[in-house]
Amino acid sequence: MLADDLQQRIEEMGPVNLVAIEEYEETEQRYQFLNKQHDDLVQAKAQLFEVINRINVQTREMFRETFEKIRDNFRAMFTEVFGGGKADLVLMDENDLLESGIEIVARPPGKQLQTISLLSGGEQTMTAVALLFSIYQVKPSPFCVLDEVDAPLDESNINRFIRVLQRFLAHSQFIIITHNKRTIGMADVLYGITMQEH
């Protein structure tokens, strides 16, 4: 009875696969290859995260250092441009330097401390000029294009703008688009552009 059961179970198994050993070896090789690929990818991912973390740390340090230099320059430049007053650059989120916004807070002489959006057009322009040249002090650019920056400025602010601009002429070449006679008067080269009449 036992022999009959065993015989029946052997017959139910079906024919013997003669290439099973070869198929097993191929599958084993494929498995080893994929396993090695997986290990390489996991190792590469870990190395990539390490590099990203190192870059983030260096970027944060560089940003903090550059921001503090620009901030100090801006405080001094604002006072020079306005002939007094105070200004500051404030990080919106000190905990996330790389994603933080920067707020410009300014107090021209005789005014209250306020954000730049509450200043007049001329005050906003002079604050922007102070910020631009604060950045220039840290990293001078070989040339700069200013498009009617002086348009909202009155005569006293024009004189301050020109005085600040002249300090940077040794480091950079400025292309200024302007209608202001005082700004035009300080230029080394003058190009006039007109529109063709119909």
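The values are calculated or read from the model by the stated rules, or taken from the named source; none is laboratory data. Values in this document were obtained by computation on a predicted structure and should not be read as measured data. For neighbour counting, all protein chains shown are included, and Cβ atoms are generated from backbone atoms with ideal geometry for every residue, glycine included. These area figures cover heavy atoms from the full protein model, side chains too; ligands, DNA and RNA do not enter into them. Shrake-Rupley method; radii C 1.70, N 1.55, O 1.52, S 1.80 Å.
Assorted remarks:
- Exactly one residue out of GLN37, GLN124, GLN43, GLN58 is part of a helix (DSSP H, G or I), under 26 Å from ASP147 (Cβ atoms) and open to solvent by 60 Å² or more (accessible area, probe 1.4 Å), and it is GLN124.
- Yes/no for ALA106 being open to solvent by less than 20 Å² (accessible area, probe 1.4 Å), closer than 18 Å to THR79 by Cβ and part of a helix (DSSP H, G or I): no
- GLN32 farther than 30 Å from LEU91 by Cα, part of a helix (DSSP H, G or I) and either at pLDDT 90 or above or among the hydrophobic types (A, V, I, L, M, F, W, C) (or both): yes
- Check on PHE49, in contact with a Pro (Cβ under 6 Å, 6 or more places away or on another chain) and at negative phi: no
- Inside the stretch 167-184, residues that are closer than 12 Å to ASP150 by Cβ, open to solvent by 40 Å² or more (accessible area, probe 1.4 Å) and part of a helix (DSSP H, G or I) make up a count of 3.
- Pairs with Cβ under 8 Å, 6+ apart, first in the stretch 173-189 and touching a residue at least 12 places away in the same chain (Cβ under 8 Å), second in a helix (DSSP H, G or I) and among the β-branched types (Val, Ile, Thr): ILE176/THR183; THR178/ILE184; ASN180/ILE158; ARG182/ILE158; ARG182/ILE162; THR183/ILE158; THR183/ILE162; MET186/ILE162
- Exactly one residue out of LYS36, LYS45 is without any contact (Cβ under 8 Å) to a residue 40 or more places away in the chain and within 30 Å of LEU97 (Cα to Cα), and it is LYS45.
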